[in-house]
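Derivation of every value follows stated rules applied to the coordinates shown; laboratory data play no part. Nothing here was measured: the structure is a model prediction, and the numbers come from that model. As a convention, Cβ positions derive from the backbone with ideal geometry for all residues, glycine included, and neighbour counts pool all protein chains shown.
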Amino acid sequence: MLAIVFASSWYIAALLVAAQLYHTDIFKFQEIGLVRYLNGSADKPFAYRVLTPWLVRMVRAAHLPMPSIPTLQSTVLATCAARKSNLVAACGDLQAYATVAWTFATSLLISMYLLALGILRQAGWAFVAYVATGLVVNAFLSAGYSNIYDFPVPFFATLLFALAVWQRDILFLVALIPSILTKESLFLFVPVYAMIGYGARPTPKVVVNFGVQFVIFIVIYVTERMAFANNDGFPMYHNVIGHVAYIGEKGSVTALLTLAVFIILLFYRYLEKPRSLQRGLMVRPIMFALYIYGGNPGEFRILLDILPIVLLPAVHSLRHLTTGRADY
């Protein structure tokens, strides 16, 4: 099964990047356009998400070629020809971005399979998680709204969750730095790390780890806020009223049923789920509060920030519903 994953992930990743370039507004909005990311003038809080622009500039400076995948190459060439606005980067920047995005998309697919294999302990269901990852990411892209960190974020979320599951202190600290530089909301995996460790490790060790991880986040976040203090925008926007209006406009029986099915899949036989999934799900109320307080109404792609925490419990529930067993 692992051979199939490695053999197919590179092409599925190319399809996902093509979907992003063809079907989303990734280059449309001035405040988050690729040009403004690359020159450091993006609005706050988007300006804080610096890792992807850094990597794009590095790839272009090193003249690294795009992967030799016809689907990816033809998509980038078509995008270069179609985008004439001065808000859109040069074709070389688009090619560099596509290389970075494809690398992270491929890494996401492979890492999700390996993480699912480690937690679910069955190759067939790990492959289900692998396929589901591609489908879920594509579904968020099909909504039409996207950003240049939409592939790095779920990859780092998966990496951080894997390191939290197996409580790898030093590796988690190392991975936390590029994760926060990718998007500040990945700090959510710091409490996840502590919740998984609590009760399984000495409490003082859990507290020390949490403290060190928290300090790393504060140092990076405060430094970014200082570095981009003169950029337009705000560190966080508030949309509570907008969420109420969105529910009134978009609420329907279908939407409610979909939400109900999603919640059931997340929490079905909760106490029979692996301990790491139980503890990981505890961060959902925090994420929900952040979404209501500062997220854009209907921007459900915020789930990419905690993709393994919402995808793996759902796959575990599907396995239990179809086989009658929580584990093998």
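List of remarks:
- Spin-label pair Ile218-Ala90: with each label point 7 Å from Cα along the Cα-Cβ axis, the two points sit 4.3 nm from one another.
- Helix 70-82 and the longest principal axis of the Cα set of the chain meet at an angle near 50°.
- Taking the charge dipole of the stretch 2-238 about its Cα centre, with +1 at Lys and Arg Cβ atoms and -1 at Asp and Glu Cβ atoms, the residue from Tyr237, Gly92, Gly211 reaching farthest to the positive side is Gly211.
- Theoretical FRET efficiency, 1/(1+(r/R0)^6), r = Cβ-Cβ of Ala227 and Val261, R0 35 Å, to 0.05: 0.20
- Cα long-axis angle, helix 253-267 against the chain (0 to 90 degrees, to the nearest 10): 60
- Rounded tilt (10° steps) of 203-227 against the dominant C-alpha axis of the chain: 10
- Gaussian network model of the chain, springs between alpha carbon atoms under 10 Å - residue of Val131, Val208, Val56 with greatest fluctuation: Val208
- Loop sites by DSSP among the trypsin sites (Lys or Arg not before Pro) of the chain, restricted to those with at most 13 other Cβ atoms within 10 angstrom, leave 122-268 as the longest stretch without any of them.
- Order of Tyr198, Tyr193 under a 10 Å beta carbon neighbour criterion, fewest first: Tyr198, Tyr193
- Positive-end extreme of charge dipole, the chain - chosen from Phe288, Leu259, Leu277 (charges on Cβ): Leu277
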